Each structure stands twice: as C-alpha cells, then as structure tokens.
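The values are calculated or read from the model by the stated rules, or taken from the named source; none is laboratory data. The structure presented is a predicted model; accordingly, all values stated were derived computationally and were not measured. As a convention, Cβ positions derive from the backbone with ideal geometry for all residues, glycine included, and neighbour counts pool all protein chains shown.
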Amino acid sequence: MQDKANLKKNRKEDPSHEKKSPPADSWEAQKEHELHHLEKRRRREKRFKAYTLGAIFIAAAFLVFFLVDLIIKGYPALKQAEIRTDITYSPETIDNIDQAFPEQVRDLVSRAAKRRLTREAKVAEIRIPVHYDENTAKNPESAIHPIQITKADMPPWKQDFEAQEIPKKQLIELIGERGFNRIQQNMKADPSLAGSVREEWLPGSDLLQGFMHGATDLKKEMMETAVLLDDADHLQMGFDTGKYGTEGKTVEEWVLADSHVDQYLKGYDFMKPSAYDNPANAPISKEKAARIDRLHEEGKIALHFNDYFFLNGDSKIPEVAGMRAAIIGSVYVVGLVFLICLPIGVLTSIYLEEFAPDNLLTQTIEVNINNLAAIPSILFGVLGLAAFINLFGMPRSSVLVGAATLALMTLPIIIIATRAALRAVPDSIRRAGFAMGATRWQVVLHHVLPVSISGIMTGSIIGIAKAIGETAPLIIVGLVSFVPDAPVTPTDPTSVMPAQIFSWWSMSLRGFQERAALGILVLLAVLFFLNGLAVFIRAKSERSW
Amino acid sequence: MSIQDINPTILLLVTGLVVVLVGRVGYRMTRNRTAEIADGGEELRSTPDYYGWYALVWMFLPLLVITILVAALELTGVMSVPGLWVAAAWIALPALILMPVIRSIRSDLNARILVERVIYGVLLSAAMVSIFTTIGIMLSVLFESIQFFQHPSVSVTEFLFGTEWSPGGAFLESAGRGTEQGTDADFGAVPLFAGTLIITGIAMLVAVPIGVLSAIYLSEYASKYVRRVGKPLIEILAGIPTVVYGFFAAITVAPLIVKAAGWAGLEASYQNALAPGLIMGIMIIPFMSSLCDDVMSSVPQNIRRASYAMGATSSETIKQVVLPAAFPGIISAFLLAISVAVGETMIVVMAAGLTANLTANPLAEMTTVTVHIVDNLTGDQAYDNPQTLSAFGLGLTLLFMTLILNVVSTIVIRKFRMRYEGD
C-alpha cells in the first residue's frame, strides 16, 4: 500500500507523466509537446557545452592577461637610462668624485657609476726608497733594496711588534712591471738622479692591485707582508697617472644614470612630480624632472639596452643589479640536482619496474614515492634545514645544500616519469631478450633502456624544469640572501633565479620591481624552452608498438 | 705548502681521474686474461665483460663501503680522517687487489652471479633513498616539534585551539624580559589554520568549477585536434613557477581587488585573502583538470553508448552517467587539490599578510601556516628560540594534513576501481 501511494505521488510530481493524461490527447498536441521538450533539451545541451568551453576560455584568457601583464611590467627593464657627459679625471676630483661631473648631471649619475669611476681612476701604489745608479735604466730591479719596518712606522695600536725586514724578492713581486717602468722613466727624464736615493710612490703589480681591492687569494707570506706594508703606510690608492697623465684629463662618456632618472624617463606615473598633491612627496623635484626632460631632448640622456642586467650580479643599487650570478647559480644547482637525481631515479625505477619482487618492501617504497611527490615542497626545505645544515653541517645558502634539498624534491618526479617510460616498453621485447638467454640485467641494459631513453629524458627535463622554478624550500635553506657573485665551488653561497626574483620583489625601491618582472620573463623563457625541448623529444621519438 | 693545504676540489678531481684510469686498466687486464683463457680452448662460464666488471667490483666495492663508513663516522664526529688518506687508499688499494683478482679468474668461475648480485644491491639501495628521505622528513619535523611543544611557554592544546598567535613575545621572554614588559608569547594556531582554510576555500571555488568543466570539454566534446591544442595550453599554467604567480598576485591582482572593492564601497587590505586565493585557484586548474580528464576518460565507453542509445543528449549523458561514474575520482582529485593548496607557499608568502587575523572577511589581511613556517625559519632569531621552533610545529600539522588528504584520496580511488573490476 505504502509503495503504491508513493508511486502515485511520484507520478503527480513528475510533469512528463502528468502531461500525457490530459484529454487533448491528440497526436498533434503530443508532437508539439515533444518538439518543445526536445527544443528545451537541445538548448540545455548547447548551454552546457558553452559552460565547458567557457571554462577553457577563462583559463586561456587568464594566461593571456597574465603574460601580457608580465611583459608590460618587465619589458621596460630591457632598457636602462645612460647619460652622456664630460668626466674630468684628475688628482683633485678623484677623492671627491662628484666634482668630476658637470653640475647639471651631478645628481643624475648613478652612485654605482661614480664608485666604478673612482676605482678605475685609482691605482694601488707602494712607497719605497729607490736607489738610482747607472744600471737603473737597464736593470731597474737593482734599484730596490730590502726595507726595514720598525716600531716607529706602525700605527699606535700595533706597537707589540718586532722590527722586520721585507726581502727584496717580495718587493719586486709587489712592484711589478709597471712600477719598474716608472723607475726607468724617471731615470730617463732626469739622468742626474744616478747615485741618489729617493722615496717614490710606484704603481704596484696586479698582485698588489688585487690585494688593495680586497682579494684574499694571495699566498700566506705575501699576504702577511702586504698587510704589514699597509699598516706601515707603505701602500695607498693613488691617482692613476699612467692612464690619465699627471694633470688628468677630461673625456666624454656614456655613464649609467641614477634609477630615478631611469624610472622617470620610462614614464611611470609614480615618478612624475605632477602626480602628487604635495610635490615634496614625489621622488624627484619639478626642477630635476625638467632638467631630465631637457637633457633627454638634447640627446644627452637616452635609454640604451640594459646589458648590466645580464652581465652583473645582484646589487643593492637597483640600476646595476643584474641576474648573471643568479643564472649561473641556477645552472650550477640544477646541474647538480640532475647529476644526483638521474642515476638514483633511473636505478630506482629499474628496480621497481624490472627487478622488485611483489613484497611488503616494494609496496612500501611505491606508496612512499607517491606520498613524497605529494608532500608540500616547503617541507623539503624544513628537512634541508634540520638535516643538511644543522646535522651534517653543510654551509647555509650554499650550492650544495640547495642542490641536495631540491634533489630530494625532484627525485619522486623523475622516478614516476621514468617508471612510466619503462612501463611503456612492451613485454615482447623483454621476452625476446630472455628467449635469447640474456639475464635480467642484460635485457634491461641492452634492450629496455635504449628504447625508453627518450621517455626518461622527457620526464627528467620536466622534473628539472620544476626544480628550476622552485623557491619555497630554497628560501628555508637560505638561498635568498644577498649574493652578488656567482658561485665557483659547491660550498660557495649562491642565489638562484626564482630566489633572486623573490628578493628583488621584497625590495622597497621601485627600480627593483621591473627587474623582478624582467627576471620572471627570463625564467619563463628558460622554462618554455625546456618544456618545448621535452615535447620535441617526445614527438620525435614517438612510436607505436 | 703543507699537505693540508691541498684544495679538496682538486684532490677530488685528481683522485677521480686516477681511479678511472686504474679502473680502465683493471678492466682491460681482466679482459686480456679472459681472452687468454678463451684462446686456450676453454669455455668461459660468463660473457667476458662480466669478468671485467667482476674485477672492478672486487677492486672498488669494499673501498666504497669503507669510505661511506668513514664519512658516517666523520659526520657524527667520532673521528676524522684526512681526505688525503682516503684519496691514497682509493688509488693504492685497487691496484693492490687487482693482481690476486686476475689470478683468480678461471674458466669455471661464474663472474655473472657476483656482478648481478651487486647490481641488484645497487638498484635496491637507490630505491631506499626515497624511504630515507621520508624518514628524514618525519624525524626532522617530529624532533624539532617535540622540542617546541616541550617549551614552557607552549602547550599542545593551546597550539591546536588557541586563537591568539603572537610569537614575538617569546624572544623577549628568553631574554629574561618577558614578564616585566608584560608581553607573553602566544602560540594559538587557530587563526593560521582559519586563514589557510579560507584561502584554500577561495582557491577551490575557482579551481573546481573551471577545472571540472574544462576537463569535461576536453574529454567529452573536444575534437582530437582541439584536444591536442587545449590540453597543453592548460598545462602551461602548471609549468609556471609559484614565485611568478606570487609576484602577479601581489603586484597586479591585489591592487585591482583593492580598487574594485573601493569602487563597491568596501575597504580591502593590500594583503587580502582574495588575491592569493584566486591566483592559487588558477594555479590548481591544470592539476584538477588533468586528473578529472583522466578519470572521465577511463569511464568505459559502453556505458556512454548505452546512454546515447536511450536517446540522451551529450550533456545528459555527461551529467547523469559519466559524472556519477567518475565521481569518486573527482572527489579524490578534489582532495589532492586541497592538499596542494594547503601546502602552497610562495603565493601566500608574497600576496597574503603576516598578521594572524581571525576573520571570515576575504578582503581582510590573512595569514597561513606556510607563511609562518617561512617567516619563522628565515628570521634572525636563534635556532632554539620557540618562535623558530614553532615553524616545525606548524610543519608537523601541515605534514599531517597532506598525508591524511592523500591517504583518503587513495582510499576513494581504490573503491572506485573496484566497482569496474567487479563488472
């Protein structure tokens, strides 16, 4: 009874049943009704299809918007403002570099450019008594005698010191060719010097230049001598008369402009004094803006290709900050990741696909790899910090710790891809090998691997592309710290491309923003290239069994 | 220059080169020996290359084991062995072992057995690396978390149910100034969980409809050609690094949202939860889409045909037949997508805030678990400071959440598979 009542109720609620019973049960009406219904169903069908297509379009539209926005933001950074100006190199201007520039551009030139000019116009000099005699012109080395450093030469805070003699051999090494040339020139200019002893500031050898610029790769004894000479005031950075003459000279050059000039020329609204209610809040004054405009019209300020971005390492000064160190760091780190992951990944996959018995251990490994692939990448960073840095004592921020952390993250990706490639090899190939009496390892090495190698490469490239773009775990192990130089050994601190983008993004100066965007474009270009390569390899090696 | 001054990189390279040379010589000499045997008319039990590898195994395997042991001892600080000794051992010992090994090679020696056993061992140990990684992650997170929870100013219940997160006081406290300043470290993680949940929720609101619908289009409607173009197009979204998404969310989307909200008369923070949520959703679309695509493609064709035979349109077939059949798979994809969203770091680090704010307003500033892991581990506090250690507590919860989501999704998928195998 209950069921029947339910049935009746259902029938009443169901419109399609209800409409069949009315008296106007003519065939025409029914046809009309059915056609109407069909129309509705067709419309519903179209609507649904439109929704699904719309979803694809939303995704595609986002992609377009996203890329266009990044290109608009990053493209301006391909150009960098430079100023054509007179630069006066002279002994007076060198310690007050602002004086080297004409007044109208003094505040427009980049600090970094000024610093570079100062460094280039100076040369490390060594103060030494020169014993001139007849032989000096021919054999200037004979004019150098060992010198004594006594307590009196040393600064007051270094008085616990024994008098010391600096041997001739070391002095000759520090003076170098340029210094001896100077002695010869002096002798030629004034032959009457013969027989006298004169204290001279001589330009030093490359070794000395390096020391004065902070190089630390000198030999131990040489380092001690150089430090000693420095303390005793025997070393200085002097004006490079060899390059610019004793009076100095004025040259016209393109020099890098300050970031404000650059940003103003690129027409950003936030740089324009007119965009602010109170002009004092603007980054540059109205007068400065007018001056930049005028110089720009005269062709004295222009936007040139930004090669600094690709040739320099990171810097705190936005206009000279570049990506070179980060690109090299990325290549280094990811190269190591590849070297670690490819063998381990391929061996693991071979084990799981070709050798492993179906037991608990194998199942554990399989579940484990799948779980590992799903663990958030940041936890690999936590592991890297706790295990590699705190337990194994790897240096923080180094190439080594970055590569080790990323390798653990990339390994499951490569394993999963490699297993798929091995599984795609048909069993008939293996059976043929076994039938010829090959062992399991011979079958794998001689038959399975050669035909699956392109699949393995494709998977590895995709894994590597993922590693290149990964940031979170590297932040945890310290790869975002400020690293201006490219790494040389695996224990050197390094930055990588995404970490560099992140650290530029977190800078407050606006000049860094467009550099971050350009960095993103570089990173995306690398990734598109790698993924394109993977697609190419896959397409090229596609075969049906 | 003393012996200690040798650059380790150079030492490594030179030793490596010499080792390769010694190995080649060993291999060649063994092959010469087998050629002699074969010329003598005797038949070898393995192919000649196996004898070469046999010699190499004897030359280098014991040494490798010893080196690993020494490295382990060095790392744990029990003893330290100069690198020069190791290098000398690597050059001298194989050369010493080589002669007796070559003499031991006879026609009835089955070199293959040892070599293949070693290969098996190598393969197995490579496979164990992933196990060690997992154990490493578990232990490192667990140990530091225990340290965190044992800290006097922290309790598990407060961590799980407390609504106040201000670890800043911990620093003052450990400096002995906590009480006099009246600042107290609070480690109630509920605001972080809530922030994570809301941002994840927003992301799912974007990713699930777009992901599922685009998967339906690609697997049910699209022609072969459209599929060939459309699928990679969506996969591009998956290849974009998260730091790029983060930059986009922070620099472009967040200001747009603030502007739009101001236009609608609402007030939005520049670090609102909406921007990272939306962008995270976009990031997850390809993940969701390709998983759903796989699931729907694996629905047997004959049940679709049955539906068409009954006169159903495509959309009716999809809605009433394909989707219900694929439903468990879609649910499991959904769970995996949640675990991706919960663990996502860069987008929220760059676009979401740092202030722990317990609110449901997506326009307000919000923070997540991952943001605080990064923030606390990159700060300049001491490593054993509770603020730093709190990152491990958060890491542990994150690990738990993702593992549970994964396990549940695996279970769902397994049940789904059973249904077809039963047919």
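State whether one or more residues within the range B:199-206 are at the interface with chain A (Cβ under 10 Å from one of its Cβ atoms) and either touching a His at 6+ places or on another chain (Cβ under 9 Å) or of a type in the set (Val, Ile, Thr) (or both).
Checked against the condition, which is being at the interface with chain A (Cβ under 10 Å from one of its Cβ atoms) and either touching a His at 6+ places or on another chain (Cβ under 9 Å) or of a type in the set (Val, Ile, Thr) (or both), the range B:199-206 yields at least one hit.
Condition first: in contact with an Asp or Glu (Cβ under 8 Å, 6 or more places away or on another chain), under 20 Å from A:LEU408 (Cβ atoms) and either in contact (Cβ under 8 Å) with a residue 60 or more places away in the chain or within 12 Å of chain B (Cβ to nearest Cβ) (or both). Can you find one or more residues in the range A:496-509 that meet it?
Looking through the range A:496-509, at least one residue is in contact with an Asp or Glu (Cβ under 8 Å, 6 or more places away or on another chain), under 20 Å from A:LEU408 (Cβ atoms) and either in contact (Cβ under 8 Å) with a residue 60 or more places away in the chain or within 12 Å of chain B (Cβ to nearest Cβ) (or both).
Where residues in the range A:359-399 are polar (S, T, N, Q) and part of a loop (DSSP other than H, G, I, E, B), which of them is farthest from B:GLY343 (Cα to Cα)?
Among those that are polar (S, T, N, Q) and part of a loop (DSSP other than H, G, I, E, B), it is A:ASN359.
Kindly indicate whether A:ASN370 is within 11 Å of chain B (Cβ to nearest Cβ), more than 26 Å from the chain's Cα centre (by Cα) and polar (S, T, N, Q).
yes
Condition (residue is under 22 Å from B:VAL129 (Cα atoms), more than 22 Å from the chain's Cα centre (by Cα) and crowded, with 24+ Cβ neighbours inside 10 Å) applied to the range A:391-411: is it met by at least one residue?
Within the range A:391-411, one or more residues are under 22 Å from B:VAL129 (Cα atoms), more than 22 Å from the chain's Cα centre (by Cα) and crowded, with 24+ Cβ neighbours inside 10 Å.
If B:GLU116 satisfies all but one of (1) within 25 Å of B:ILE10 (Cα to Cα); (2) surrounded by 13 or more Cβ atoms within 10 Å (Cβ to Cβ), what's the number of the condition it fails?
Here B:GLU116 meets the rest and fails (1).
Would you check which residues across the range A:412-440 are within 18 Å of A:GLY345 (Cβ to Cβ) and part of a helix (DSSP H, G or I) and list them?
A:PRO412, A:ILE413, A:ILE414, A:ILE415, A:ILE416, A:ALA417, A:THR418, A:ARG419, A:ALA420, A:ALA421, A:LEU422, A:ARG423
Within the range A:337-355, is even one residue out of contact with any Ser or Thr (no Cβ under 9 Å at 6 or more places or on another chain), part of a helix (DSSP H, G or I), surrounded by fewer than 16 Cβ atoms within 10 Å (Cβ to Cβ) and more than 14 Å from chain B (Cβ to nearest Cβ)?
Checking the range A:337-355: not a single residue is out of contact with any Ser or Thr (no Cβ under 9 Å at 6 or more places or on another chain), part of a helix (DSSP H, G or I), surrounded by fewer than 16 Cβ atoms within 10 Å (Cβ to Cβ) and more than 14 Å from chain B (Cβ to nearest Cβ).
Show the residue pairs that are 6+ apart or on different chains and have beta-carbon atoms under 7 Å apart, the first residue being within the range A:351-371 and of a type in the set (Phe, Trp, Tyr), the second being buried (at least 17 other Cβ atoms within 10 Å of the Cβ) and part of a helix (DSSP H, G or I).
Here the result reads A:TYR351/B:LEU123; A:TYR351/B:LEU124; A:TYR351/B:ALA126; A:TYR351/B:ALA127; A:PHE355/A:ARG440; A:PHE355/B:LEU123, each pair linking the range A:351-371 to a residue that is buried (at least 17 other Cβ atoms within 10 Å of the Cβ) and part of a helix (DSSP H, G or I).
Hey, B:THR345 hits all of (1) of a type in the set (S, T, N, Q); (2) at pLDDT below 90; (3) surrounded by 20 or more Cβ atoms within 10 Å (Cβ to Cβ) but one; which does it fall short on?
With (1) of a type in the set (S, T, N, Q); (2) at pLDDT below 90; (3) surrounded by 20 or more Cβ atoms within 10 Å (Cβ to Cβ) applied to B:THR345, the lone miss is (2).
Can you tell me which residues in the range A:515-545 are more than 23 Å from the chain's Cα centre (by Cα), away from chain B (no Cβ under 12 Å) and not charged (D, E, K, R)?
Within the range A:515-545, A:PHE536, A:ILE537, A:SER541, A:SER544, A:TRP545 meet the criteria.
Name the single residue, out of those in the range A:421-445 being more than 16 Å from A:PHE355 (Cα to Cα) and within 14 Å of chain B (Cβ to nearest Cβ), that is modelled with the lowest pLDDT.
A:GLY437
Consider the range B:122-150. How many of its residues are surrounded by 19 or more Cβ atoms within 10 Å (Cβ to Cβ) and over 26 Å from A:SER377 (Cβ atoms)?
1
Find the residue count for the range A:453-495, including only residues that are more than 9 Å from every other protein chain (Cβ to nearest Cβ), outside any loop (DSSP other than H, G, I, E, B) and in contact with a Pro (Cβ under 8 Å, 6 or more places away or on another chain).
2
Of everything in the range B:205-252, what is buried (at least 20 other Cβ atoms within 10 Å of the Cβ), within 23 Å of B:GLU316 (Cα to Cα) and of a type in the set (S, T, N, Q)? Give them in sequence order.
Residues satisfying the conditions are B:SER214, B:SER219.
Could you check B:GLN271 against (1) surrounded by 15 or more Cβ atoms within 10 Å (Cβ to Cβ); (2) within 14 Å of chain A (Cβ to nearest Cβ); (3) closer than 26 Å to B:VAL212 by Cβ and say which number it fails?
That leaves (3) as the condition not met.
Only residues that are modelled with pLDDT under 90 and assigned to a helix (DSSP H, G or I): list them for the range A:44-99, please.
Matches in the range A:44-99: A:THR93, A:ILE94, A:ASP95, A:ILE97, A:ASP98, A:GLN99.
In the range B:47-64, how many residues are aromatic (Phe, Trp, Tyr) and more than 19 Å from B:TRP90 (Cβ to Cβ)?
Residues flagged as aromatic (Phe, Trp, Tyr) and more than 19 Å from B:TRP90 (Cβ to Cβ) within the range B:47-64 amount to 3.
Tell me, which residue of the range A:299-317 that is in contact with a strand residue (DSSP E or B) (Cβ under 9 Å, 6 or more places away or on another chain) and in a loop (DSSP other than H, G, I, E, B) is surrounded by the fewest Cβ atoms within 10 Å (Cβ to Cβ)?
First pass over the range A:299-317, keeping only residues in contact with a strand residue (DSSP E or B) (Cβ under 9 Å, 6 or more places away or on another chain): A:299-309.
Then drop every residue that is not in a loop (DSSP other than H, G, I, E, B), which leaves A:299-300, A:306-307.
Numbers: A:GLY299: 8, A:LYS300: 17, A:ASN306: 23, A:ASP307: 11.
So the residue we want is A:GLY299.
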